[in-house]
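Below is one structure; the comments refer to it alone.
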C-alpha cells in the first residue's frame, strides 16, 4: 500500500471514529455526587473510580472518575444501585442498595492505604503518578506537556531512571542492555527488541511506563539492566470516547493520531492510528590523527538529512465470553518509508598541509513493513484473583535498505594520488518472523498469599540478504563484490518455565521466584568465501555454522517492609541474561565509510548478571522521596572495541569495530527522586542517578579494562498560570563518561512547553520546544594504539512543535477505570 493511500485511509478512519455516536439516554435522570480524599493526608484523589451497578441487573454498568478536586457527578435513571469507590492500592468503599429517586450526595468519602495490599504503594503528583511495587515502579505519563506531538522515545526521556541518548539509544540507570516490552511482551511496535521504532510511534499512545529494575520470575530473563514495559492506552469507559491529536513543527514535523474506544456490555473496541512526517537534520565532526599511514590527520564534516514517513495502526476487540472470561484479539500494522542523505567532506593532511579533499555522498532509503497479530484469553475462577491466561502472538517484519555511495576528489596536490574512488551500491533485505506462546496461572492462597506458575516460548528467525556492488575501474560497471556479499540466517529460540510465591505477614511482604530458561542461538552463513577465508579476516577462529544451547536458572527475591503507611523499604535480587542480537553475530561488515567498518562476532556468547537493589520510600504531606542503591556483577560482558586491521585504502588504515565477551563488569549506583507540591499552582519533580562501573578483560593481547564514574539528573517544574495556562520546564544533564577507549563529555538539554485548555476544556493547545538551547550533542575522544579521534555528533537539532488534542465524549480530567488483568499490565497478570 502506497503512502498516499495510507494517508487517505488514515483520514477516513479518523473521520469515521470521530463521527457522532448516539447512545441510549433516559428522559428522567438524577445525579450521584461526592468527593473522594486521602484519609491520612486529606488531599483529593484524582482519577478515583466510581462504579455503579444494579443488584438485580448484572448487565447494567455505569460510572466515572473523580476530577482534579476529587469530585464526581454521575447521572443515572431512577432505581436501586450499588456504588463502589476505588483507587488503586487504597481500601475501596461501597454503598449497597441505594435508592435513587432524587439527587444523591454521598458527601466526603475518605479512602486509606490498603493494609492488605501485597505489593504496591502509590505516590501521587500532578505530572506523574508513581506506583511502587515489589518488583517495579509504574509511571503514568499523565500531563507531560513537553511530549505533546512527540514520540514514545520523547516520553521515555522524561521517566526517572531512564535516559535516551542523542542517537535514541535507551538506557536504564546508565546501562543500555535494557529489555523493551509492549504490554508485557516483545513486540513489533518496539522494533523486535531494538529501540529505533520508538522514535516513530506517537507518545499519545502510551498509558503508562513500568520501570522494572528488579524483575520477578514472571518476566523474561533478558536484559541485565532490567525491563521497560510500555503499556498502551485502551479505554474502558462505557460508550464511545477518544481523542484526536494533530501537530506541526520545525524542522519539518507533521503528524496526526487518534485514540478511540467503543465499549458495550459484551465487547470493547479500541484503536490507535497515526501518521507522521518529519525531516530531521543532523551533523557530525571527526578529527582523527593517525600514527601510521600516508596521512597523519583526517578531518571529516558530515551532514545528515533524514526524511521519516510512517503510518501505524493498532486495532483490537475485547469480547466478554462470560462474566468471568474474555477473549481479546488485536492487530498492529506499521509502514515506514525513510530517505536519508548524508554528505561527508573529508580533508586529508600531510605534515599539517592539506593534501586531498573529497566529498562522499550516501543516499539510503528504507521501506519497512511490520505487522503483529495477538490473542489473549483470560478465565477468572473467582473474584479474588484465581485465574488462567493464555497468549498467542505472531509478528512479521520486512525491511529493505538500498543505498548508493559516490565519492569525488575536490582537491589534490600534484604528487598525491589516492586512487580510483569507486561508486558502491548496497542492497540489504531483512526478514524476521517471531512466534510467542504463553500460559500463566495465578492462585491466591488465603487473603495475603499468592502462587503463580507459567510457560513462555519465544521463537524468532531473522534472514539478512546483503549484496554489495562496486564500480569496476576499467569499464565503470557495478560488479558484485563476492567477498562481502552474503546471506546470514539467524535463529533464536527461548523456552522458559517459572514459578513464584508471594505472601504478606505483618509489615513484611516477599515474592520468591525461580525461572528456568533454555536459549538456542543458531546461525548459518551463505557466502562464496570459504570458512578459512572468513576466519582469516578476523584473525582468530570462528564458527560459520553454529548451534549453541544455554540452560540457565534465574532466581528472584523481592522483599518489602512497611515501616508505616507512608514509608517502606524494599530489597530485590535477580539473575539476568544478555543474549547477543543477530547484527552482533553477523561476521560480514557493514560500513559507514570505506575505512570504518562494524563486524559482528559469531563467537559471542550470552552474558550473565546478578543484581541487588535496596530501596526506600517516604511520603509527607507535600513531599515524596523515592531512593535506592544497587549493585550488579556481570560475567562475559559485551564490549565494542576498535582495532586496526593492518589494511590500508588510499593511505588510511581500515579501522574495525567488533563486539567481544570482554570479561567482568561490576556496577554500583544510587538514585533518588523528589516529588514536591508546595501549592496547587506549582509542582516540582527532580531525580539524580549516580553510578560507577569497573570492567576487566583483554582481547588479542590488549587490555580493555576500564573504570568509569558518571551520573545523570533531571528536573521538572509545572506552573499553573492565570487564564487556564500551564507552563512546564524539563532539564536533563548526563555527566561525563568513559569506557576502555572513549571519553565523552557531559550532555545538557532543556525542554519547555506551554498549554491552554480551549473549546470548553474539550481540547488542549500545546507549544513545546525540545532541546531549546540546541545543546544535545555528544563530544568524545577515542584513543587506541593506531589513532586518536575527537568527534562531535548531533543526531537531532532543536525541535519546536505546536499540537492540538481534541477529546470527544470525555472531559479533560476523565480517565477510564483501569483493568488490572489485561496483557500483563498490573499485579493480577503475570508475564511468563
Within the range 91-116, take every residue that is buried (at least 20 other Cβ atoms within 10 Å of the Cβ) and within 18 Å of residue 565 (Cα to Cα) and give me the one that is modelled with the lowest pLDDT. 113
Restricting to the range 263-276, and then to whatever is in a strand (DSSP E or B) and more than 17 Å from residue 232 (Cβ to Cβ), can you tell me which residue is modelled with the lowest pLDDT? 267
Could you identify the single residue in 434, 462 that is touching a helix residue (DSSP H, G or I) at 6+ places or on another chain (Cβ under 6 Å) and buried (at least 19 other Cβ atoms within 10 Å of the Cβ)? 462
Just to be sure, is residue 455 at pLDDT 90 or above, under 30 Å from residue 568 (Cβ atoms) and within 36 Å of the chain's Cα centre (by Cα)? no
Of everything in the range 738-767 that's part of a loop (DSSP other than H, G, I, E, B) and without any contact (Cβ under 8 Å) to a residue 40 or more places away in the chain, which residue is farthest from residue 641 (Cα to Cα)? 760
Residue within the range 697-713 that is at pLDDT 85 or above, farther than 19 Å from residue 664 by Cβ and more than 26 Å from the chain's Cα centre (by Cα) present: no
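Each row is one residue, and each column tells you yes or no for (1) closer than 21 Å to residue 550 by Cα; (2) part of a loop (DSSP other than H, G, I, E, B).
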residue	(1), (2)
475	no, yes
489	yes, no
496	yes, no
511	no, no
521	yes, no
Has the range 319-330 got any residue that is farther than 25 Å from residue 373 by Cα, assigned by TED's automatic domain parsing to the domain that holds residue 596, in a strand (DSSP E or B) and in contact with a strand residue (DSSP E or B) (Cβ under 9 Å, 6 or more places away or on another chain)? no
Quick test for you: out of 730, 689, 685, pick the one residue that is in contact with a helix residue (DSSP H, G or I) (Cβ under 7 Å, 6 or more places away or on another chain), in the same structural domain as residue 636 (by TED's automatic domain parsing), part of a strand (DSSP E or B) and on the phi < 0 side of the Ramachandran plot. 730
In a strand (DSSP E or B), under 24 Å from the mean Cα position of the chain (by Cα) and at pLDDT below 90 - does that describe any residue in the range 769-776? yes
Condition test on residue 408, is it closer than 30 Å to residue 473 by Cβ and part of a strand (DSSP E or B)? yes
Hey, residue 604 surrounded by fewer than 18 Cβ atoms within 10 Å (Cβ to Cβ) and closer than 27 Å to residue 215 by Cα or not: no
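The values are calculated or read from the model by the stated rules, or taken from the named source; none is laboratory data. Please read these numbers as outputs of a predicted model, since none were measured by experiment. Positions of Cβ are backbone-derived with ideal geometry, glycine not excepted, and every protein chain shown enters the neighbour counts.
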